[in-house]
Amino acid sequence: MNDAQTFDVVIVGGGLAGASLAVALAPLPLKIALVETAAFPETKPAWDERCIGLNEATRGIFERMGVWASIRPEAEPILSTHISERGRFGIARFTAAEAGLDALGYNTPMRALGSVLWKKISAAPNLRVICPVQVTALTHTPDAVRLTLSTTESLSARLVVAADGAQSTVRRMLGVGSEEHNYGQTAVVGAVKPERAHRGVAYERFTPDGPIAMLPRPNNHCVSIWTVPAEKSKEILNWGDARYLAEFQAAFGNRLGRFLETGRRGGYPLSRVMSEKLTAARTIFAGNAAQTLHPVAAQGFNLGLRDVATLAGLLKGTADPGAPELLHEYARRRESDRQSVAGFTDKLVRTFSNDLPGLRGLRHLGLLALDLIPPAKDAVMRQNLGQNAAL
């Protein structure tokens, strides 16, 4: 076996969280490697491409990383949100003007975000990208972690950051457990063109099957996220465009007029996965490897990026990136935020997926209260903007 190449930090997982961490750490005097299982294909813009909602806290983090100006041209502002329940007239509304912001968030193509991050990564002289490759073994010494790759190459890291997704290979290899809950739901994600202008409004509509989200895109298109029972999703994904538009229209309603066109659709099973620990010996879990959430209220990536920002701040000026004291401080700072957001999204899903008669009335009153009681509205607003977390 070859002698291991030595790095200060090895990031396992080159998705949006791992790539964001690589960009955040690149200005620091650290030798960094980013290990990813997939090659990185170039994709072209498409009106029905997958998007991700970035909240105000995330915008601020990307601005401090020096990448927001490059992301912004393709990010559609969310000027207000409209939350409702099918069959009830209670509605909660939030606006950017109320929050004193230009936008509550930005609906952004994943392609555009990834492209900006990878351009920065490619230009960083202290950052090596290794892909496509898998981590096949991890061994520890007091001062480092040795990673064996599927190429038989070995790396030595003073700190390993696992950003390798909900079913983290690093977490499994280290014997760190996770709490998992399968919601029995699938998100059917696509795009539609409505008859009426969306005017920057993001809609969240709760139905007995699960929540429906409609997020604004440029040229008056919308991203559609239709959460349904897993078995029903198989039928929906086999529908032709005309059948899909008619059924989706019936589920969402007519607030945007008729749906005129639909794009490609994909199904994504939904579950909640919470790592039992945020750290192990010289290892930190971040992004979906730390917590994977239901997409209701679009909190998952925004929460993971706060993992990234916290870790990047802690690594500034540190003598040993994998020191026990640093790992302990990371876990201390992140635990409250992750538990708060994970609890918030889980309660939303369970509350609005339960059709008990008494609970239906309470949900209705809750939506009315959000619209009429300023302290309650402000608390939920801050949660969704990501402003409750101390970074």
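The values are calculated or read from the model by the stated rules, or taken from the named source; none is laboratory data. Just so you know, these numbers come straight off a predicted model, no measurement behind them. No Cβ is skipped: glycine too gets one built from the backbone with ideal geometry, and neighbour counts run over all protein chains shown.
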Item to complete: Inspect all residues belonging to region 247-258 and state whether any of them is surrounded by fewer than 15 Cβ atoms within 10 Å (Cβ to Cβ), modelled with pLDDT of 95 or more and within 18 Å of Arg50 (Cα to Cα).
Response: no
Response to the item:
Turns out the strands (runs of 3 or more DSSP E) fully within region 226-310 with at least 1 residues that are over 25 Å from the mean Cα position of the chain (by Cα) are 259-262
Fill in: Checking Asn288 against (1) surrounded by fewer than 22 Cβ atoms within 10 Å (Cβ to Cβ); (2) at pLDDT 95 or above; (3) not aliphatic (A, V, I, L, M), the condition it does not meet
(1)
Item to complete: Would you mind finding the one in Gly53, Gly114 that is part of a helix (DSSP H, G or I), within 23 Å of Arg264 (Cβ to Cβ), in contact (Cβ under 8 Å) with a residue 60 or more places away in the chain and in contact with a Gly (Cβ under 9 Å, 6 or more places away or on another chain)?
Response: Gly114
Fill in: Criterion: in a strand (DSSP E or B) and touching a residue at least 60 places away in the same chain (Cβ under 8 Å) - qualifying residue of Leu28, Leu34
Leu34
Worksheet entry | Positions within region 186-225 being within 30 Å of Gln134 (Cβ to Cβ) and of a type outside the set (A, V, I, L, M, F, W, C), in sequence order | Thr186
Discussion item. Tell me the residue from Thr81, Thr43, Thr58, Thr108 that is in contact with a Cys (Cβ under 8 Å, 6 or more places away or on another chain) and either on the phi < 0 side of the Ramachandran plot or not in a strand (DSSP E or B) (or both), please.
Written reply: Thr108
Worksheet item: Of the residues that make up region 321-333, is at least one modelled with pLDDT under 95 and either in a helix (DSSP H, G or I) or not polar (S, T, N, Q) (or both)?
Response: no
Item to complete: Show the residue pairs that are 6+ apart or on different chains and have beta-carbon atoms under 6 Å apart, the first residue being within region 191-208 and within 17 Å of Ala250 (Cβ to Cβ) and touching a residue at least 24 places away in the same chain (Cβ under 8 Å), the second being part of a loop (DSSP other than H, G, I, E, B) and charged (D, E, K, R).
Response: Glu195/Arg258; Thr207/Arg86; Pro208/Asp355
Item to complete: Starting from residues that are part of a helix (DSSP H, G or I) and in contact with a strand residue (DSSP E or B) (Cβ under 9 Å, 6 or more places away or on another chain), keep the ones in region 311-320 and report whichever is surrounded by the fewest Cβ atoms within 10 Å (Cβ to Cβ).
Response: Leu315
Practice prompt. Filter region 125-139 for residues that are out of contact with any Lys or Arg (no Cβ under 6 Å at 6 or more places or on another chain), in a strand (DSSP E or B) and either exposed (fewer than 15 other Cβ atoms within 10 Å of the Cβ) or free of Cβ contacts under 8 Å to residues at least 12 places away in the same chain (or both) and give the result.
Written response: Thr136, Ala137
Item to complete: Go through region 16-32 and count every residue that is touching a strand residue (DSSP E or B) at 6+ places or on another chain (Cβ under 8 Å) and more than 14 Å from Lys120 (Cα to Cα).
Response: 2
